[in-house]
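The values are calculated or read from the model by the stated rules, or taken from the named source; none is laboratory data. This is a predicted model, so every value here is computed, not measured. Heads up, the Cβs are rebuilt from the backbone with ideal geometry, glycines too, and the neighbour counts pull from every protein chain shown. Ligands, DNA and RNA are stripped out before the accessible areas are found, and what is left, the full protein with its side chains, is counted by its heavy atoms. Shrake-Rupley method; radii C 1.70, N 1.55, O 1.52, S 1.80 Å.
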Amino acid sequence: DNYAGGQSAADLMAKHVPAGAKVITFDHAPGNDNAQNRQRGFEDQAKKLGLDVQPEKFLKLSLEEGRRLMEDTLVAIPDIKGVYFFNQVVAQGAAAALAAANRTDVQLVSFDLDPVSYQMVKDGKILGLVVQDPFKMGYEGINAMVTRLQGGKPVARMDIPTRILTKENAAEFAKDPQVTGGG
């Protein structure tokens, strides 16, 4: 449930930025339904929690674009306190820009997990990640397909909950295949 995952990201952000803080979404997928659900979930929840949601900024999906847009945002909105991403690669670039600017007051929350992002969360460079379980998603998807092929009726909608990875619970994710590379 991408919408609920976005809400979880806003909940985490709101716990770590001042009340009424300015937050923004970096959007690299304006035509992608999953990404837009993530964004709506984040922005709707952030507004409910009293955060000042700024108009989204668009970028290409890349490490360098994340860095460049974070630099631009620090100039355009110098009092920004939180940035939300749909993909960890963009967040990694933004974290590099924050480090270069010596800005420790801006919190980053993203979707997706990989070994680099995992370490960045452990090191405190990214506040948290919304983590899906692609292996369970694939498993359940194949089971639904087999059910259909055998004449059964699979469930119409299957929501697999996300989890939040933070520095405090990083050990729980240490053996996740997205961190270990499947091994």
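Here are the numbers for the structure shown:
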quantity: Selection status of Gly50, in contact with a Gly (Cβ under 9 Å, 6 or more places away or on another chain) and closer than 15 Å to Val17 by Cα; calculated: yes
quantity: Any hit, segment 44-55, residues being free of Cβ contacts under 8 Å to residues at least 40 places away in the same chain, part of a strand (DSSP E or B) and under 19 Å from Val106 (Cβ atoms); calculated: yes
quantity: Those residues of segment 145-172 which are in a helix (DSSP H, G or I) and under 26 Å from the mean Cα position of the chain (by Cα), in sequence order; calculated: Lys167, Glu168, Asn169, Ala170, Ala171, Glu172
quantity: Of the criteria (1) open to solvent by 60 Å² or more (accessible area, probe 1.4 Å); (2) touching an Asp or Glu at 6+ places or on another chain (Cβ under 7 Å), which one Asp27 fails; calculated: (1)
quantity: The one condition in (1) in contact with a helix residue (DSSP H, G or I) (Cβ under 8 Å, 6 or more places away or on another chain); (2) open to solvent by 100 Å² or more (accessible area, probe 1.4 Å); (3) within 22 Å of Gly6 (Cβ to Cβ) that Glu172 fails to fulfil; calculated: (1)
quantity: Verdict on Gln7 being open to solvent by 20 Å² or more (accessible area, probe 1.4 Å), within 20 Å of Thr162 (Cα to Cα) and without any contact (Cβ under 8 Å) to a residue 24 or more places away in the chain; calculated: no
quantity: Residues satisfying the stated conditions in segment 150-169, i.e. under 23 Å from Asn34 (Cα atoms) and surrounded by 12 or more Cβ atoms within 10 Å (Cβ to Cβ); calculated: Pro154, Met158, Ile160, Thr162, Arg163, Ile164, Leu165, Thr166
quantity: Test result for Thr104, more than 17 Å from the chain's Cα centre (by Cα) and closer than 22 Å to Glu168 by Cβ; calculated: yes
